[in-house]
Amino acid sequence: MVNIAVVILNWNGINFLKKFLPTLIKYSSLDGVKIFIADNGSQDDSVSFIKNNYPEINIIQFDKNYGFAEGYNKALYQIEAKYFVILNSDVEVTENWISPLIELMENDENIAACMPKIKSYNNNNFFEYAGAAGGFLDKYGYPFCRGRILSNIEEDKGQYDDTKEIFWATGACMFVRANLYKRAGGFDGFFFAHMEEIDLCWRLKNMGYKIMYSPKSTIYHVGGGTLPNNNPHKLFLNYRNNLILLYKNLPSNKLFIILFLRLILDSLSATIYLLSFQLRYFFSVVKAHFSFFSSLTKYRAKRLELLKFGKKFKHNEILNHSIVFYFFFKKLKKFSQLKK
């Protein structure tokens, strides 16, 4: 059995592989660590490049692009390990990036998953959008991070250099116990990409486990490598998947009111896109809502299945206020300014 499997899902990412594989191999040469590249039907020369230059790397090939969520499921269910390290291809790791997180999990069996400090590859002094120093949700289901509130990204001045329980660990670099990943059902393949890691972490928390952040490990993330931030399809996935995330995981006493308010807030966002003539974004939100409502029948059974875990998680890491209200009306743009 492989003890630690570092798994990169690749799709036409040969440039990232050329750039970041040498550092990954250099700083991952530990006993029990194996590196896997799961290729999601790439049409570039990614696979041949790996075979010719890094024969020590294990390759799993797929016939087409299954997306982030299902692609990882297909790969991870083929690998036997104690820990999975889910790592984006556009990440530069640093020295001693693995050991602190594995030690954290080895010392506490109640930790299901954890993440390192995520900083920007293009602006090294700042946190990176997709995870920063640990992920959280507000009362309406909007994700934010220590170090990143909506669009505002903080400079890393050591203000979040404490090991802390969080709500979700980023999919850019997530350490997760392999047996719990599989017991929880892995990522939700229907999500395709975006928020599948929040959904998984929520399920793990509902099973009674903790998600942690440790500043003792740091990685640098490029971000937006597959879908740029201004991509309408990315906007569609974010809106749709966030609604599905809430429908699947919210406790019954909060489900209706929060979904109702979210639909109003989403409608306001769509109206702003329409009035500012950003029609592609407007239709992305509309399409997301249609897709969400058409999937309710499918997800009702999943929700009922997940409800049995509900009493184990008190939702202590959910902000009891609106991050949108804090950001736009109270002008609070740093995590350290927020109050539960």
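Derivation of every value follows stated rules applied to the coordinates shown; laboratory data play no part. These numbers were taken from a predicted model, which means no experiment stands behind them. Positions of Cβ are generated from backbone atoms using ideal geometry, with glycine treated the same way; all protein chains shown enter the neighbour counts.
When the Karplus curve 6.51 cos²θ - 1.76 cosθ + 1.60 is applied with θ = phi - 60°, which whole-Hz ³J(HN,Hα) does each residue of the range 158-174 get, with x for Gly and Pro?
With coefficients 6.51, -1.76 and 1.60, one gets x, 6, 10, 8, 10, 5, 8, 6, 10, 8, 9, 9, 5, x, 5, 7, 10 Hz.
Mind pulling the per residue volume of the convex hull built on the Cα atoms of the chain? Å³ is fine.
Values: hull volume 46.1 nm³, N = 340.
Measuring per residue, one finds 136 Å³ for the Cα hull of the chain.
Using DSSP, restrict attention to beta bridges with both residues in the chain and report what percent are antiparallel, rounded to the nearest 5. Could the numbers behind the result be given before it?
On the way: 22 of 48 bridges.
Roughly 45 percent of the DSSP beta bridges within the chain come out antiparallel.
How far apart, in nm, are the 7 Å Cα→Cβ label points at LYS298 and ASN122?
3.3 nm
Taking square-rooted eigenvalues a ≥ b ≥ c of the alpha carbon gyration tensor, is the range 1-89 rounded, prolate or oblate, where a/c under 1.5 means rounded and, failing that, a/b exceeding b/c means prolate?
Working: a/c = 1.84, a/b = 1.13, b/c = 1.63.
Verdict is oblate for the range 1-89.
So what's the net charge close to ASP63: Lys and Arg +1, Asp and Glu -1, counting the other residues with Cβ under 11 Å from its Cβ? Could the numbers behind the result be given before it?
Values: positive: LYS64, LYS74; negative: ASP39.
Once positives and negatives cancel, what remains is +1.
Could you give the length gained by full extension between LYS82 and LYS19, i.e. 0.36 nm per residue of separation minus their alpha carbon distance, to one decimal place? Kindly include the intermediate steps, with their values, before the conclusion.
Working: separation 63, 0.36 × 63 = 22.68 nm, distance 2.82 nm.
Extending this stretch completely gives an extra 19.9 nm.
Testing the spin-label approximation: label points 7 Å from Cα along Cα→Cβ at LEU275 and TYR27. State their distance in nm.
The two pseudo-label positions are separated by 4.6 nm.
Report the trypsin sites (Lys or Arg not before Pro) located in the range 149-240 that are in a DSSP loop and have at most 16 other Cβ atoms inside 10 Å of their Cβ, or state none. Before the final figure, lay out the partial values.
Working: sites: LYS157, LYS164, ARG177, LYS182, ARG183, ARG203, LYS205, LYS210, LYS216, LYS234, ARG240; in loops: LYS157.
In loop regions of the range 149-240 (DSSP not H, G, I, E or B), the sparsely surrounded trypsin sites (Lys or Arg not before Pro) are LYS157.
Projected area of the range 52-203, taken from the Cα convex hull and averaged over every viewing direction, in nm²?
10.6 nm²
Evaluate E = 1/(1 + (r/R0)^6) for GLU95 and PHE325, where r is the Cβ-Cβ distance and R0 equals 45 Å; express this FRET efficiency to the nearest 0.05. Let's see the in-between values first.
Working: r = 41 Å, r/R0 = 0.92.
Approximately 0.60, to the nearest 0.05.
Pull up all non-local amide H partners of THR94: gap of 5 or more, or a different chain, and H-to-H distance under 5 Å with H placed in the peptide plane.
Amide H neighbours of THR94, under 5 Å, 5+ apart: THR218.
Against the longest alpha carbon principal axis of the chain, how many degrees, from 0 to 90 and to the nearest 10, is the axis of helix 296-306 turned?
Orientation of helix 296-306: about 70 degrees from the principal axis.
In the P(r) worked out for the range 70-139, what percent of Cα pairs fall beyond 18 Å?
Details: 1276 of 2415 pairs.
Percentage above 18 Å: 53.
To the nearest 10 degrees, how steeply does helix 196-206 sit against the main Cα axis of the chain, on a 0 to 90 scale?
80 degrees
As an exercise, identify the chymotrypsin sites (Phe, Trp or Tyr not before Pro) in the range 1-105 lying in DSSP coil whose Cβ has no more than 14 other Cβ atoms within 10 Å.
Values: sites: TRP11, PHE16, PHE20, TYR27, PHE36, PHE49, PHE62, TYR66, PHE68, TYR72, TYR77, TYR83, PHE84, TRP97; in loops: TRP11, TYR27, PHE62, TYR66, TYR77, TRP97.
Sites meeting the loop and neighbour criteria: TYR77.
Using the beta-carbon distance between ASN3 and ASN253 and R0 = 51 Å, what value does 1/(1 + (r/R0)^6) give for FRET efficiency, to the nearest 0.05?
Numbers: r = 42 Å, r/R0 = 0.82.
It comes to 0.75.
To the nearest 10 degrees, how steeply does helix 67-76 sit against the main Cα axis of the chain, on a 0 to 90 scale?
40 degrees
Pop a pseudo-label 7 angstrom from the Cα along the beta-carbon direction at both GLU109 and ASP45 and give the gap in nm to one decimal.
Here the modelled spin labels are 5.0 nm apart.
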